[in-house]
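So the structure is just underneath, and the comments pick up after that.
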Amino acid sequence: MEIGNLPFGTTDWNTVERTEHKGDSGMATWRTRQFGPIRVRMVEYTPGYLADHWCKKGHVLLCMEGELHTELEDGRTFLLTAGMSYQVADNAEAHRSSTATGAKLFIVD
């Protein structure tokens, strides 16, 4: 990732408008900032959330709170807890998220 033409700035995530995104079950709440081609999000999943799609977008994702289950389309599964992260390239390995307990994430893509 190359970050260009981006002056220093700060973000108070508590002031960024929330948008809601329904899953197959549960809800995702996003707070999103766009910096040129780079999207940065603070995402919260409700308990019982299951994504409604297989995602092919690349991300760097940090689990800040809760537990996140990530399933790859090939059947592998990964558990992230607070302080853990994953990274995946665009169109590399389709993945989807779920959580039994809820999760708060910081995502750059």
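The values are calculated or read from the model by the stated rules, or taken from the named source; none is laboratory data. Since the structure is predicted, the reported quantities are computational estimates derived from the model, not experimental observations. Positions of Cβ are backbone-derived with ideal geometry, glycine not excepted, and every protein chain shown enters the neighbour counts. The accessibility values were calculated without ligands, DNA or RNA, using every heavy atom of the protein model including side chains. Shrake-Rupley method; radii C 1.70, N 1.55, O 1.52, S 1.80 Å.
With all protein chains kept in place, the per residue accessible area of the chain amounts to 63 square angstrom at a probe of 1.4 angstrom. Stretching the chain fully between residue 76 and residue 90 yields a gain of 3.2 nm (0.36 nm per residue, less the alpha carbon separation).
Here the chain exposes an accessible surface that is 51 percent carbon and sulfur, computed with a 1.4 Å probe and the other protein chains kept in place. For segment 20-37, 3J(HN,Hα) computed residue by residue from phi via the Karplus equation (6.51, -1.76, 1.60; θ = phi - 60°) reads 9, 9, 6, x, 4, 9, x, 9, 10, 10, 10, 10, 10, 10, 10, 10, x, x Hz, glycine and proline entered as x. Each Lys or Arg adds one and each Asp or Glu subtracts one; over the other residues with Cβ under 12 Å from the Cβ of residue 73, this totals 0. With the biggest extent put first, the Cα atoms of the chain measure 40, 30, 24 Å across the principal axes. Based on Cα contacts under 8 Å between residues 6+ apart, the chain shows a relative contact order of 29 percent. Taking the centroid of alpha carbons for each part, segment 1-33 and segment 42-73 are 14 Å apart. If R0 is 25 Å, the Cβ-Cβ spacing of residue 46 and residue 5 corresponds to a FRET efficiency of close to 0.10. Under the combined filter of DSSP loop state and at most 10 neighbouring Cβ atoms within 10 Å, the chain retains these chymotrypsin sites (Phe, Trp or Tyr not before Pro): 8.
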